[in-house]
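Heads up: the structure comes next, in structure tokens.
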């Protein structure tokens, strides 16, 4: 099947502003403001507070950037294989490769303790908008960002102490609302089951963002408390039959970021500057990692997880950029913005002197010429190395400590100072050869992007003085400079780092450590870019977008969902196939038998090489050939929803989100339900494959109990 965006049809039917008709299953909704009316009107289902509370408190967020859920009363957690990849890689060795070969624990004592994957469960949501707005009421735009951060830090610290939970303030509606999300942390997590990578990522990059699919993209962990499996009050029961076509399906997960309510000027900046640069970075890194992995099998194993993420990100960003470059999409955005501005003017909500859309235009005009330099220098994308990152942090710390406390950045004063210092002294990893490869690529990109000008090198409108540019490279090629830094820097020595941290600014500038020398050369321009971003972009943007959010509330009412923020959201939709633009009918579900057929179509060649366990199960008649394995729904999802549970109206698991089709990638900017689909692992396929192929009846029987 050829990839088709079918954007003309999608844009004709999709909405670019919250519409509350009964047709569209649109929205990544807050659990504190669920779309109960819309669900009732369209599907006749009452999403009760009890239904929503259990779904909320059964949902898990992974620190690596994905979602999961409790699926038994004994602490069993379900997520995707690809969400678990970094954890699987961390506990793997050359002798025991849990990424490639999978893992199965036949009993509790076989479960493997994992590095803390940062699992948290949302317990409470508190509106703190009034507190933050009161602190910002008299702040000048240039000072607003620093005051906002200080206020948020205090609210979080006070809540952490009071509630004994991990609390974080979430900005919603681009600053229109602020909510405090309080989480229970799960620190003892153990691996229970993971399939082989050839099954969890069956079809590899060619099938990524495609459908039909045949993946068992699932992994099970178990949460422990006081050395015993955690007894979970809230968990999701398992459906006997899974989803059928036409069923109402709810998804609870943590979508990362959307830009559906950004202004046209902001989206044009993303189209012209941000995403083209992102695509170039990912393409470069993909090639660098592929070359490194081609040297030997061990290299390939070590970088497999990173390479997957780069390829996934490159393909994802390519789809987003394709959407932004589509004239029909941008015209819809222009029309929606013009309509809102017209209605706002009619209600006397804006005037020539107080037009937040014009304010964003001005901000973006200045940022266009500085973003590239900020990304490479201040955001460290030209120096993708743990060693250089630590050097940059040390230089920034010593520089800030040389100032009176009142003039320092928030992280370098008051209660924050101790944590900042501890972070500098903490150990850091990184294999020397991988660090050298990554740093070489970053330095090469910096050199290629920069243009010679009088007195220095220019990155768009930003000039790096020649002396500083020379200090970055030290007269060497990117590869030689990267090799010198990684081989000769002493920063992995904690005592050496302590000596640097305690130096004066004048003493630090005499250091001969190559990583510190590079960081010192970067700091003046990087700090200027940071200050510009804070004073001229981040702070004023929040003020302008908060005004737009309030205008939107005034014009359209409060039944509006906010852009995604990697916080827990609810979406609803139905299980449904679709029709491609060439008339091809795409089925609602695929079956286990299809995985074998797909592999044979490609002669079992990588990445269509089903694992030996699947081949043995087929030969022994244990493979559940008729069981559904994947299916699609109209649920509104995006990156970060990977690992999200899908449940029916009884709150029972019917599936597991693991992807979207290629048409869904415009979801950053819009929603449509004609051809855009969420792609899920079917609950029946999960249970029956775990039972039959992997011979783990105890896990299959535990699901939902």
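Rule-based calculations on the coordinates, nothing more; no lab input. Given the structure is predicted, the values throughout are model-derived calculations rather than measurements. As a convention, Cβ positions derive from the backbone with ideal geometry for all residues, glycine included, and neighbour counts pool all protein chains shown.
What shape does segment 68-140 take by its C-alpha gyration tensor, where a ≥ b ≥ c are the square roots of the eigenvalues and a/c under 1.5 counts as rounded, a/b above b/c as prolate, and the rest as oblate? Numbers along the way, then the final one.
On the way: a/c = 4.40, a/b = 2.36, b/c = 1.86.
Cα axes put segment 68-140 in the prolate bin.
If each residue's Cβ is checked for other Cβ atoms within 10 Å, how do 310, 112 rank with the fewest at the top? Don't skip to the answer; put the middle values down first.
Values: 310 21, 112 17.
Listed from fewest to most nearby Cβ atoms, that is 112, 310.
Kindly identify segment 164-226 as rounded, prolate or oblate by the Cα gyration tensor criterion: order the square roots of the eigenvalues as a ≥ b ≥ c, call it rounded if a/c is under 1.5, otherwise compare a/b with b/c, prolate if a/b is larger, else oblate.
Oblate, because a/c is 1.5 or more while a/b does not exceed b/c.
Taking the Cβ-Cβ separation of residue 698 and residue 100 as r and a Förster radius of 30 Å, what is the calculated FRET efficiency to the nearest 0.05?
Rounded to the nearest 0.05, the efficiency is 0.75.
Based on other C-beta atoms within 10 Å, arrange 504, 644 from fewest to most. Walk me through the intermediate numbers first.
On the way: 504 10, 644 34.
Placing the least packed residue first, the sequence is 504, 644.
How many nm separate the modelled label positions at residue 428 and residue 352, each set 7 Å beyond the Cα in the direction of the Cβ?
Distance between label points: 5.2 nm.
For segment 121-185, list log₁₀ I(q)/I(0) at each q in 0.21, 0.22, 0.26, 0.28 Å⁻¹, using the Debye formula over Cα point scatterers of equal strength and ignoring solvent, two decimals each.
After summing over all Cα pairs, the log10 values are -0.81, -0.88, -1.12, -1.23.
Specify whether the C-alpha gyration tensor of segment 347-543 places it in the rounded, prolate or oblate class, a ≥ b ≥ c being the square roots of the eigenvalues: rounded for a/c under 1.5, otherwise prolate if a/b is larger than b/c and oblate if not.
In terms of gyration-tensor shape, oblate.
Using only DSSP helix segments of four residues or longer, with each worth -39500 (n - 2.57), what per-residue ellipticity at 222 nm results for the chain after dividing by its residue count and rounding to 500? It would help to have the intermediate numbers written out before the result.
Working: 27 runs with 311 residues, N = 705.
Computed mean residue ellipticity for the chain: -13500 deg cm²/dmol.
Using a basic spin-label model with each label point 7 Å from the Cα along Cα→Cβ, how many nm lie between residue 460 and residue 506?
Placing both labels 7 Å along Cα→Cβ, they lie 3.9 nm apart.
Determine the relative contact order of segment 121-185: mean sequence separation of Cα pairs under 8 Å and six or more apart, normalised by residue count, in whole percent.
Working: 83 pairs, mean separation 30.0, N = 65.
Reported as a whole number, the value is 46 percent.
Starting from the Cα of residue 256, step 7 Å along the direction of its Cβ; do the same at residue 488; then give the gap between the two resulting points in nm.
For residue 256 paired with residue 488, the spin-label model returns 3.7 nm.
In what sequence do 342, 184, 57, 390 fall when counting other Cβ within 10 Å, fewest first?
If I rank by nearby Cβ atoms, fewest first, I get 342, 184, 57, 390.
Measuring from centroid to centroid over Cα atoms, what is the spacing of segment 356-384 and segment 71-126 in Å?
Using only Cα atoms, the two centres lie 38 Å from each other.
Just one of [x] 33; [y] 36; [z] 20 is percent of Cα pairs over 46 Å apart as worked out from the coordinates here. Which one is it?
Correct label, based on the coordinates given: [z].
Output the relative contact order of the chain, whole-number percent, from Cα pairs under 8 angstrom with separation of 6+ residues.
26 percent
Can you give the extra length, in nm with one decimal, that the chain gains between residue 362 and residue 498 once fully stretched, where that is 0.36 nm per residue apart less the Cα-Cα distance?
Numbers: separation 136, 0.36 × 136 = 48.96 nm, distance 4.37 nm.
Computed gain between residue 362 and residue 498 is 44.6 nm.
Let me check against my output: what whole-number percent is the relative contact order of segment 347-543, with C-alpha pairs under 8 Å and at least 6 apart?
Once normalised by length, the contact order is 32 percent.
Please work out, to two decimal places, the log10 of the ratio I(q)/I(0) at q = 0.22 Å⁻¹ from a Debye calculation in which every Cα of segment 296-394 carries one identical scatterer.
Debye output, listed in q order: -1.20.
Length gain on complete extension for the stretch residue 580 to residue 327, per 0.36 nm per residue less the alpha carbon to alpha carbon distance?
Result for the pair: 89.0 nm of gain on full extension.
Would you mind putting 431-439, 580-588, 606-614 in packing order, based on average other-beta-carbon counts within 10 Å, highest first? The partial results should precede the final answer.
Numbers: 431-439: 19.3, 580-588: 13.0, 606-614: 17.8.
Packing proxy ranking, top to bottom: 431-439, 606-614, 580-588.
Multiplying the sequence separation of residue 153 and residue 416 by 0.36 nm and subtracting their Cα-Cα distance, what value in nm do you get?
93.8 nm
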